[in-house]
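Here the structure comes first, spelled out in structure tokens, and everything after it is commentary.
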Amino acid sequence: MSFVDEVVDVVSVESLWRKSQGSRTESRSCQTNPVASRESSVQVCGASEAGTQTEWKQDQRVLDVDLGPLLDYPDVGKFLQRVEEDMIRELKKNWRSHAFDGFEVTWEEQNPQVSCLHTLQYPDVVAENLQVTSVTWNVTGSVIACSYGRLGDGDWSTEKSYVCTWNLDRRGFNPNHPDIVIDVPSSVMCLAFHPSRPSLITGGLFNGEVLVWDTSRTDDPLIGRTGLSIDSHMDAVYQVGWLQDTPQSHRHQILSVSSDGKILVWQMEKEGELTLHNGFALVAQQIPSNSKISKHGRGDSAVGVTCLSSSHFDPSVFVVGVEGGYSLKCSTAVQKAALTHMAASVPLKAPAQFTFSPHGGPVYCVDCSPFHRNLFLSAGTDGHAHLYSMLQEQPLTSLQLSQKYLFSIQWSPVRPLVFAAASGEGELLLFDFTKSSQKPSLSIKQTSNEKPVYCLAFNRAQTQLLAAGDATGVVKIWQLNSDFTEQRAREMTLLDELAGAVTD
């Protein structure tokens, strides 16, 4: 056997591993999101104050000596000596003068005329022919509330009513769209805003109830009611108001008067119920009968109360108007029990102390003067306005302002001798005793068809505004001119003289 070297051809196998690995590789890159940058520059404005003053020199006498000839004015000295006596006499005369008593400088823009600023109406009320029964301003003077009902023909007891509010300073104010509309099941006869809480309103209904609403609560504004019980009124409530619990207290009670003869004071409880706190009743037998006034009805029959006004100087004194045409001076401090068979959870007292000579028909409104403790106004169905002193039986003056009814009357909050009245002839009357003692200074046509004006209210915060509501369901906001908003010289003196007049 033999072995031979043989050269064999080279065999190569191509690698698939590197190719497969290369096919699976990918190239990736990443970076952070772009960083936003901004350049700004600020500069502080600086302000500084500096003052200089000459320094006091210790040896001032040297300066006087050096400049003596320049500071000596003999002519000035002689002049002052010559006029000294006359100047002192004139200064004393000015000091004793009362020419500018009561005069206050006003920096407000003068209004040359009375104009209608807004005409407010709720379309649903117009469609149902309801009437404005009451208007009231809140404490800020920017919100007005009005109640709707029926003072003419119709079934008052079953007809639903409304309470609407408008904020005149609100952006987007719409005179035909109230900010708040409250549905009430019975006619609302009267309203009154709280004296310090701008969202609280109390109202009296035709069915005798007294209600309290909080307009800041949008879901259910009703927060208090008297309900119908032995304590509640049996007839329509014609006026409501707020009373301060005590002079030091911030709590207020609610006062209501009705044609059932009762004057009731309600206390708000936490559960939303108004409970009777105090009460009075006017009974024919207990009304003082003055020598010059015809005798009243006999017995224990109730005397219907239509309106009330409290004294601004003595919280215990108030005046009421009654259906018989009389105005009565009353007191909350009385202790005499009322001779009545009307049931109540608290004893009812007889408040009447003095009777004034009557109107020719029922009294619709009384208002005590905010500037004099003894003066008050009354208005009635005889179309007359009476100015009374609480110290005299007869009126100081009697003014026939309308051939029909006078439904409302109110003193100006800023002019002691100015008042406004609402007439059954569709007029708003402004009276100024400084101009005339017998006729109005201005008559404004509120309605074109002589529909009655039922209510009015001066704005105590924005004194140039006067609101009036009428039988067409419209509330008009009047802007008064400067003659009715700026107190004149010696006006308080003239008011005192008017109050001191003695009637025959």
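In segment 288-446, what is the volume of the convex hull around the alpha carbon atoms, normalised per residue and reported in Å³?
Numbers: hull volume 20.0 nm³, N = 159.
Taking only Cα atoms, segment 288-446 has a hull volume of 126 Å³ per residue.
Does segment 370-504 come out rounded, prolate or oblate by the C-alpha gyration tensor, with a ≥ b ≥ c the root eigenvalues, rounded set by a/c under 1.5 and, if not, prolate when a/b is larger than b/c and oblate if not? If you can, show how the numbers build up before the last one.
Working: a/c = 2.13, a/b = 1.34, b/c = 1.59.
It is oblate, given that a/c is not under 1.5 and a/b is not larger than b/c.
Rank by packing, highest mean first: peptides 175-183, 346-354, with packing defined as the count of other Cβ atoms within 10 Å averaged across residues. Walk me through the intermediate numbers first.
Numbers: 175-183: 15.4, 346-354: 18.4.
Order by mean packing, descending: 346-354, 175-183.
Using the Karplus equation 6.51 cos²θ - 1.76 cosθ + 1.60 (θ = phi - 60°), what ³J(HN,Hα) coupling, rounded to whole Hz, does each residue of segment 387-394 give in order, writing x for Gly and Pro?
Karplus-based 3J(HN,Hα) across segment 387-394 equals 9, 10, 9, 5, 9, 9, 6, 7 Hz.
How long is segment 336-379 along each principal axis, judged by its Cα atoms, biggest number first, in Å?
Principal-axis extents of the Cα atoms in segment 336-379, largest first: 36, 27, 16 Å.
Bear in mind that the values in this text are calculations on the coordinates, not laboratory data. This one's a predicted model, so the numbers in the text were calculated from it and none came from an experiment. In this analysis, Cβ positions are derived from the backbone assuming ideal geometry, glycine residues included, and neighbour counts consider all displayed protein chains.
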